[in-house]
Amino acid sequence: EKSAVQHSKSTAAARRKSTELPFRGRRIRRSLYPSHHYSSPIETPKATRPAKMVSYVNILLYGVGGIVFAGMALLVAFQERLVYVPVVPGLTKSYTITPARLRLTYEDVWLRSSDGVRLHAWFIKLFPDCRDIAHRLEMVHIMLQKLQCNVFMLSYRGYGASDGSPSQHGITKDAQVGNLQSAALDHLYQRNDIDTSRIFVFGRSLGGAVGALLTRNNPDKVAGIILENTFTSILDMAGVLLPFLKWVIGGSGAKGVKILNFVVRSPWNTIDVIGQVKRPILFLSGLQDEMVPPSHMQMLYAKAAAHNKECTFVEFPSGMHMDTWLAGGDHYWATIEQFLEKYAPRNDETDSSSSGVGRF
């Protein structure tokens, strides 16, 4: 029995020895079980590394997809709030200041858009003693003083006392009544106390986009247009407000695939419209604009000048988005005055015999 036990032990030892292989100076035992019943200590890292890489790639793709989806959802849901600001945060929708409070002579004007929306406007009249105003004034006061003009101010739908909600589709309707005439121009052409041959359109920021469209559609009704700190398009501004969107949303001159342009309901492609304007254009650019990159104004000018020889571009080094008129001082108003005099010179006889005649 003892010899049988010793023989059994020696046989087992021989089998173990036969299954051991040399590997870089160490002994590695090969299992007697089939390979599908174990994971080799040498093969495990090689087998799991590709799986981990795939996992990391999936996480990255899901993360990027999640960001794009979230941005797209925000754009679709809140884009009107990004483009239109009928109520300044902290203020009420009603007018905080009126021409009456500033002792200006004016009329409340109510217009009706083609889809029935009621719009409100002020017609602020030039009055004889406006030259004597000496205290600090807001832009409309200085415009009356420096340019000796009447001012017609229209509130978009959803703004001020106007009804409705703002959108490009709606504001375009406000600007398109009858034979390509705006509600504002229809009203002005019905007045008998102004010179309708000297009507100028002035637009800042979004107002420039609306004004460019209005002037393009009414070349025989408008003497010229002044654009201040206006964007090339809302498609381009999407990448300014949300930088990660610039790869998937952009205007006609932007790089990228632009696959999400279809979700933008208010594109306001001023860069496409400005090249079709046939009236004189004055571009006023504040180089410290914190909202619209000054490069947008440069691109608008380049596009317009390629098709229209009556274009003027003036920069104001310290001008911001809303205060270029203030930062520019006398140079700002002199620039506008020269533009108006060049393309709609005063008729002294008419001006002296008909008070209130001016530019708009």
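Per-residue answers, yes or no, for (1) outside any helix (DSSP H, G or I); (2) modelled with pLDDT under 85; (3) within 12 Å of residue 214 (Cβ to Cβ); (4) in contact with a helix residue (DSSP H, G or I) (Cβ under 6 Å, 6 or more places away or on another chain):
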| site | (1), (2), (3), (4) |
| --- | --- |
| 166 | yes, yes, no, no |
| 194 | yes, no, no, no |
| 197 | no, no, no, no |
| 201 | yes, no, yes, yes |
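Residues in the range 299-340 that are in contact with a helix residue (DSSP H, G or I) (Cβ under 6 Å, 6 or more places away or on another chain) and in a loop (DSSP other than H, G, I, E, B): 307, 318, 319.
What's the total number of residues in the range 261-298 that are under 15 Å from the mean Cα position of the chain (by Cα) and in a loop (DSSP other than H, G, I, E, B)? Summing the residues that are under 15 Å from the mean Cα position of the chain (by Cα) and in a loop (DSSP other than H, G, I, E, B) in the range 261-298 gives 11. On the stretch given as the range 212-264, residues that are crowded, with 20+ Cβ neighbours inside 10 Å and of a type in the set (Lys, Arg) total 1. With 280, 293 as the choices, which residue is more than 27 Å from residue 145 (Cβ to Cβ) and either open to solvent by less than 60 Å² (accessible area, probe 1.4 Å) or among the aliphatic types (A, V, I, L, M) (or both)? From the options 280, 293, the qualifying one is 293.
Just name the residue that is farthest from residue 139 (Cα to Cα) out of those in the range 296-326 that are open to solvent by 40 Å² or more (accessible area, probe 1.4 Å) and of a type in the set (A, V, I, L, M, F, W, C). Only one residue fits best here, namely 306.
The values are calculated or read from the model by the stated rules, or taken from the named source; none is laboratory data. These numbers were taken from a predicted model, which means no experiment stands behind them. All Cβ positions, even for glycine, are placed from backbone atoms using ideal geometry, and neighbour counts span all protein chains on display. Each accessible area value is taken on the protein alone, full model and side chains, heavy atoms only, with ligands, DNA and RNA left out. Shrake-Rupley method; radii C 1.70, N 1.55, O 1.52, S 1.80 Å.
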